[in-house]
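Structure first, then comments.
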Amino acid sequence: MTATATRKSVLQLEKQYWDAMKAADYRTVEKLTAEPCIVVGAAGAPAATKTQLSEMRKTSDSRAEPPPP
(Lines give C-alpha, C1' and ligand atoms only; values in the text may rest on other atoms or scores of the structure.)
Protein backbone atom coordinates (compact mmCIF):
# COMPACT_ATOMS: atom_id res chain seq x y z
CA MET A 1 0.00 0.00 0.00
CA THR A 2 1.37 3.39 -0.91
CA ALA A 3 1.68 6.22 1.59
CA THR A 4 -1.16 8.07 -0.18
CA ALA A 5 -3.44 5.02 -0.03
CA THR A 6 -2.58 4.47 3.65
CA ARG A 7 -3.32 8.10 4.46
CA LYS A 8 -6.65 7.94 2.61
CA SER A 9 -7.59 4.73 4.44
CA VAL A 10 -6.73 6.19 7.86
CA LEU A 11 -8.69 9.37 7.14
CA GLN A 12 -11.74 7.33 6.05
CA LEU A 13 -11.59 5.29 9.26
CA GLU A 14 -11.25 8.44 11.37
CA LYS A 15 -14.26 10.04 9.67
CA GLN A 16 -16.26 6.84 10.19
CA TYR A 17 -15.27 6.85 13.89
CA TRP A 18 -16.28 10.49 14.48
CA ASP A 19 -19.52 10.09 12.53
CA ALA A 20 -20.36 7.11 14.77
CA MET A 21 -19.50 9.12 17.90
CA LYS A 22 -21.74 12.01 16.82
CA ALA A 23 -24.58 9.59 16.03
CA ALA A 24 -24.11 7.70 19.34
CA ASP A 25 -23.51 4.54 17.29
CA TYR A 26 -21.48 2.84 19.99
CA ARG A 27 -21.42 -0.53 18.21
CA THR A 28 -19.42 1.05 15.37
CA VAL A 29 -17.28 3.01 17.84
CA GLU A 30 -16.42 -0.20 19.67
CA LYS A 31 -15.63 -1.99 16.38
CA LEU A 32 -13.20 0.78 15.41
CA THR A 33 -11.55 1.07 18.84
CA ALA A 34 -8.32 -0.73 19.71
CA GLU A 35 -7.95 -2.45 23.07
CA PRO A 36 -6.67 -0.98 25.21
CA CYS A 37 -7.37 2.54 24.03
CA ILE A 38 -6.47 5.93 25.46
CA VAL A 39 -9.37 8.20 26.41
CA VAL A 40 -8.41 11.87 26.51
CA GLY A 41 -10.64 14.23 28.42
CA ALA A 42 -10.90 16.71 31.26
CA ALA A 43 -9.94 14.00 33.77
CA GLY A 44 -6.71 13.14 31.95
CA ALA A 45 -5.77 10.36 29.53
CA PRO A 46 -6.33 6.95 31.10
CA ALA A 47 -6.10 3.63 29.26
CA ALA A 48 -9.43 1.83 28.92
CA THR A 49 -10.87 -1.40 27.58
CA LYS A 50 -13.66 -1.40 24.99
CA THR A 51 -16.12 -2.26 27.77
CA GLN A 52 -14.91 0.66 29.90
CA LEU A 53 -15.14 3.02 26.92
CA SER A 54 -18.68 1.88 26.25
CA GLU A 55 -19.66 2.43 29.88
CA MET A 56 -18.05 5.90 29.88
CA ARG A 57 -20.08 6.92 26.86
CA LYS A 58 -23.35 5.56 28.29
CA THR A 59 -22.94 7.43 31.56
CA SER A 60 -21.41 10.64 30.19
CA ASP A 61 -23.34 13.79 29.46
CA SER A 62 -20.43 15.15 27.44
CA ARG A 63 -20.50 15.24 23.66
CA ALA A 64 -17.68 13.99 21.51
CA GLU A 65 -16.17 16.71 19.38
CA PRO A 66 -13.73 15.81 16.62
CA PRO A 67 -10.33 17.46 16.59
CA PRO A 68 -9.95 20.50 14.37
CA PRO A 69 -8.84 19.75 10.78
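Shown for the chain: lysine pairs separated by 8 or more places, or found on different chains, whose C-alpha atoms are under 18 Å apart, numbering 7. The value for the chain of Rg(Cα) / (2.2 N^0.38 Å) is 1.19. GNM remark for the chain: springs join alpha carbons under 10 Å apart, and the peak mean-square fluctuation among Ala43, Ala24, Ala34 falls on Ala43. Accessible surface of the chain, 1.4 Å probe: 57 percent of it comes from carbon and sulfur atoms. In this structure, Val40 and Thr6 have a Cβ-Cβ separation that, at R0 = 25 Å, corresponds to a calculated FRET efficiency of about 0.60. When nucleic acids and ligands are ignored and a 1.4 Å probe is applied, Glu55 ends up with an accessible area of around 90 Å².
The values are calculated or read from the model by the stated rules, or taken from the named source; none is laboratory data. Here the structure is a predicted model, which means the values were calculated and not measured. In this analysis, Cβ positions are derived from the backbone assuming ideal geometry, glycine residues included, and neighbour counts consider all displayed protein chains. Each accessible area value is taken on the protein alone, full model and side chains, heavy atoms only, with ligands, DNA and RNA left out. Shrake-Rupley method; radii C 1.70, N 1.55, O 1.52, S 1.80 Å.
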